[in-house]
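Contents: one structure, followed by commentary.
The values are calculated or read from the model by the stated rules, or taken from the named source; none is laboratory data. All values derive from a computational prediction rather than experimental measurement. Cβ placement follows ideal geometry from the backbone for every residue including glycine, while neighbour counts extend to all protein chains displayed.
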Amino acid sequence: MELRETFNEAAELYDRVRPHYPPDLIAELTVLADLGPGRRVLEVGPGTGRLTRPLAESGCRLTGVELGPDLAAVARRGLRGFPHVDVQVADFESWPLPEEPFDLVVSATAWHWIDPAVRVAKAARALRAGGRVAVFGSEHVAGGTVDFFAEAQRCYERWDPATPPGLRLLPEEEIPSETREWEDSPDFEDVTVTRFRQDITYTADEYIDVLLTYSGHRALREDLRRGLLDCIRGLIEIRYEGRVTKRYLHDLITATRTGT
């Protein structure tokens, strides 16, 4: 099983515990793409619909292409009140594009899972001239309960063989924006980046549930995963009074389809 397929194993948990995106990010995206009734949107990797629902509330016609059938089922359940939304099960790389182009191609925390040899060119083919592409992820950066995340690395170094020694979170200003593929493409222009951040506080149980939605944690051998999560839980409960705060950074990268 590929790492990108592990999310489908925990669709209900993913929907329950993954953070919502910052409202100001959604507002910025809605304005940039001029979303509203009649606008056609293609969402790549909608998961359980974390981004889909607020976009659908604009009245746009939205098609989601989701690899995981269980994730898609949860998304459809939450989108029953939006008849103008269609979530299809397929991998974006081989999904046949419809004849009518889209006004916006968007992807949240899924773009990095799409084949780099395919994704930019296919996004360009999906868009009308002057249409927009918008992608963003969720990066864990230094902030929140800083000491906890430094101490937690000892749990990872003990239980996860892939953990480099001495790994530490970087501050926001040291995180580069991944714009090169858009800047290098002749099909796109006007590449922009807008940064958003949010701090979310978790109980020990809530934080463990979030970790169980990450592909790297799910791919660990069961005994190693159990040891890692027990180590982290104990650290939160004993050293941090049962609550820690995590800082997320979201880079909203947009570009305009060239042509007339």
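Table: residues versus (1) surrounded by 17 or more Cβ atoms within 10 Å (Cβ to Cβ); (2) aromatic (Phe, Trp, Tyr).
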site	(1), (2)
HIS140	no, no
TRP159	yes, yes
PRO165	no, no
LEU169	yes, no
Take the residues of segment 171-191 that are part of a loop (DSSP other than H, G, I, E, B) and without any contact (Cβ under 8 Å) to a residue 40 or more places away in the chain: which is surrounded by the fewest Cβ atoms within 10 Å (Cβ to Cβ)? PRO176
Within the bounds of segment 65-72, is there any residue that is more than 20 Å from ARG39 (Cα to Cα), modelled with pLDDT of 95 or more and in a loop (DSSP other than H, G, I, E, B)? no
So which residues in segment 212-260 are in contact with a strand residue (DSSP E or B) (Cβ under 8 Å, 6 or more places away or on another chain) and farther than 28 Å from GLU181 by Cα, if there are any at all? ILE236, GLY242, ARG243, VAL244, THR245, LYS246
Yes/no for THR48 being buried (at least 18 other Cβ atoms within 10 Å of the Cβ) and assigned to a strand (DSSP E or B): no
Tell me, please, whether a residue that is in contact with a Leu (Cβ under 6 Å, 6 or more places away or on another chain), free of Cβ contacts under 8 Å to residues at least 40 places away in the same chain, of a type in the set (S, T, N, Q) and under 20 Å from THR254 (Cβ atoms) can be found in segment 24-32. no
Give me the residue from segment 204-243 that is surrounded by 14 or more Cβ atoms within 10 Å (Cβ to Cβ) and β-branched (Val, Ile, Thr) and, out of that set, farthest from the chain's Cα centre (by Cα). ILE236
